[in-house]
Structure formats: structure tokens, C-alpha cells
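**Student:** What follows is a single structure, and I will ask about it in a moment.
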Ligand SMILES: [Zn+2]
């Protein structure tokens, strides 16, 4: 089985000096935890807050990128960068965990396709077009006021990402942005870390219709572990009492979202994007990435076959990744 987590925010800890080999006291991802979780590959996000100016976000993203290369350079016998499915599979053969790079929030490319290409050359293989605020590229789910979807520059970004073979990530964008990207992207699109709005009515989650249309185009939804996206009752309690809110969602709730997405979109179109190190609360029993196998055990108990579990664990996203690359050639 090849296990791929398509979203974690571990670089936010790396730039504060965390040693990937030693981890941090409240860190959710480090080398020991990745190994214990059976993780073969993990996308590390270059996350920048919508609060930063575009110039400051470029600097921050570059710092994160540098911190990833430094961390990988420090443990060459345990991890390696991967920029394609074939590299990730080759790393596994060598006993290495792959670190892949994604950009979370397109703000660091400012209004420059050259900067987009530079981040691609540095190894970034997906870009989440926005974070919680509207930017030069598109409107965000949590704001959605500036463009009514994709901006004219955003259309150029989509075309250039298609040409480069870079995966377009719909996590965080508004529904109107989603519609625009779905209509103009020549390649399949994904969400690297979202849940199902039919089960938890949060604007960051995707409706069944969105999940289905994304799948019809060959894409995949990677289910997020953030308790606020998993459960409406928890989200309400969290709004009132913050991190102390109880009861917390569990691994069963994550599996409920996976199972729902499978029912809506089919087994070929669902995966896992934990959002670890980007979430201040975690489901009960899923405190860090070492607990990931619990999800596969629960799917087994639900009657999923090993073949189906392998698809969710990583094969589906790897297929989309390959499709995006081959469409670009
Ligand atoms: Zn995110």
C-alpha cells in the first residue's frame, strides 16, 4: 500500500526551527510519526496567511521552501523530495519517505506567471489558489467578495498550471471560483483538504454536486481531519468554547466523510489530506499522523476491500497527479 497525505502545514513549524527528526512537543508530523503512521509521501504546504502583503507572502513561502530543503538535507537516509508519482514510488523502493511541495494560497506568486514557474521549478506541484481571503487570483470560501470567482489573472494562472502540469487545488476557494476553474481547466482538479458539506455545513466543505462534478472531470477530494469541518455540532461548540469544546469528533467521523464522498463520487475519487500542523484541535484518537492506520482499520471494518483502501490511501491522488502531468505534455 502506498500512503499519501496530501496536506500538512509542517513548514510553519520548520521555519520556527523545529527539527523534522526530533519533532515539536505539540507537533503533529515528524519523521518518527510519519514512519509510525506508515506514510510513504506527504505534501508539505507553503502556507501564507491572507493577512500578509503579496511581497511578505513571497518571502514567507521562500523561507518555508528553504526550510523543507534544509530538513530533507539533514536526513537524506530517511526522506527525499519528490516532484512526481514516479519519483515518490522510487523513493519508497529506496526506503525513503517522500516530501512533496504544495503552495497554500497563491498570494506568493503576486501577479506574475514567472514567479509561478519559479515555484514549480523549485518543486511545488500543487497550488491552492487562495487561503481564507480573496487574492489576485480568485475569491475564497471565507470571503468571496472581490471577483465573483476567478479573476482575469486567475484564468491565466489556471492555463499556465495546466501547461506546467501543476495540480490546481480547490480547497479554500469560493463555490463560484470552483465553478470557474472547473469550466476552464483542461486537466482534472482536486481538493487537497476538504470535507463534505452534506455532513457538515461549513463553507470550506464541498457540496455533493461539486464533489460529483470534480470527479466527472477525473479529480479527487482528499478528506480533512479538522473537527470543525467534520461536525456541525462540534463547530457550534467550538465557536462558543474554543479548543475546550467537547465532545470531539472521532476517527469514525472522518470515515463517515470518506464513505459519503465515495458514495457520491465513486471509489476512484476520494483520498486523505489530514491538515496536520495546520489544525489546533484534532479528532479524538487522531492526535497526530502516527494514528493514520486507524482510518484504514475502520474502512476494513466497514467492508472496504484492500484494493479499495489502497485507492483511498494514495492511488487515486497519484492517478490524478499523473493525469495532470501527461495532459501538460
Ligand atoms: Zn488549508
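Taken together, the values in this text are just the output of simple stated rules run on the coordinates, not laboratory data. Since this is a predicted model, take the numbers as computed values, not measurements. Counting neighbours? That spans all protein chains shown, and the Cβs are built from the backbone with ideal geometry, glycine included.
**Student:** Taking 45 Å as R0, compute the FRET efficiency from the Cβ-Cβ separation of residue 75 and residue 179 and round it to 0.05.
**Tutor:** So, using R0 = 45 Å, E works out to roughly 0.60.
**Student:** Which shape class, rounded, prolate or oblate, goes with segment 91-212 when its Cα gyration tensor gives a ≥ b ≥ c as root eigenvalues, a/c under 1.5 marks rounded, and past that a/b bigger than b/c marks prolate?
**Tutor:** oblate
**Student:** Right, here's the next one. If the chain between residue 212 and residue 280 were fully stretched, how many nm would it gain, using 0.36 nm times the residue separation less the Cα-Cα distance? Could you put the intermediate results ahead of the total?
**Tutor:** Details: separation 68, 0.36 × 68 = 24.48 nm, distance 3.00 nm.
That works out to 21.5 nm of additional length.
**Student:** Grab the beta carbon distance between residue 111 and residue 246, set R0 = 56 Å, and tell me the FRET efficiency rounded to 0.05.
**Tutor:** The computed FRET efficiency comes out at 0.80.
**Student:** Separate question: Sum -39500 (n - 2.57) across every DSSP H segment of at least 4 residues in the chain, then divide by the residue count to get the 222 nm mean residue ellipticity, nearest 500.
**Tutor:** Using -39500 (n - 2.57) per qualifying helix, the result is -12000 deg cm²/dmol.
**Student:** Could you tell me whether segment 221-329 comes out rounded, prolate or oblate from its Cα gyration tensor? Rule is a ≥ b ≥ c as square roots of the eigenvalues, rounded for a/c under 1.5, then prolate if a/b exceeds b/c, otherwise oblate.
**Tutor:** It comes out prolate by the Cα gyration axes.
**Student:** Using a 10 angstrom cutoff on alpha carbons, build the Gaussian network for the chain and name the most mobile of 114, 290, 84.
**Tutor:** Comparing 114, 290, 84 in the GNM, the peak value goes to 114.
**Student:** Can you tell me the length gained on complete extension of the stretch residue 62 to residue 32, counting 0.36 nm per residue apart and subtracting the Cα distance?
**Tutor:** On the way: separation 30, 0.36 × 30 = 10.80 nm, distance 2.58 nm.
Full extension of this stretch gives 8.2 nm more.
**Student:** Let me ask something additional. Applying a 10 Å radius around every beta-carbon, put 99-107, 195-203 in order of their mean neighbour count, most first. It would help to have the intermediate numbers written out before the result.
**Tutor:** Details: 99-107: 26.9, 195-203: 20.6.
For the peptides 99-107, 195-203, the packing ranking is 99-107, 195-203.
**Student:** Report the extension gain between residue 94 and residue 302 in nm, rounded to one decimal, defined as 0.36 nm multiplied by the number of residues separating them, less their alpha carbon distance. Please list the in-between numbers first.
**Tutor:** Numbers: separation 208, 0.36 × 208 = 74.88 nm, distance 3.31 nm.
Gain on stretching residue 94 to residue 302: 71.6 nm.
**Student:** To continue, here is another question. Specify the inter-centroid distance of segment 167-213 and segment 67-103, based on alpha-carbon positions, in whole Å.
**Tutor:** Comparing the Cα centres of segment 167-213 and segment 67-103, I get a distance of 28 Å.
**Student:** Which FRET efficiency, nearest 0.05, do residue 55 and residue 327 yield, Cβ-Cβ r, R0 35 Å? Walk me through the intermediate numbers first.
**Tutor:** Details: r = 33 Å, r/R0 = 0.93.
Efficiency for this residue pair is about 0.60.
**Student:** What shape does the chain have by the C-alpha gyration tensor, where a ≥ b ≥ c are the square roots of the eigenvalues, rounded means a/c under 1.5, and otherwise prolate means a/b greater than b/c and oblate the rest?
**Tutor:** Taking the square roots of the gyration eigenvalues as a ≥ b ≥ c, the chain is rounded.
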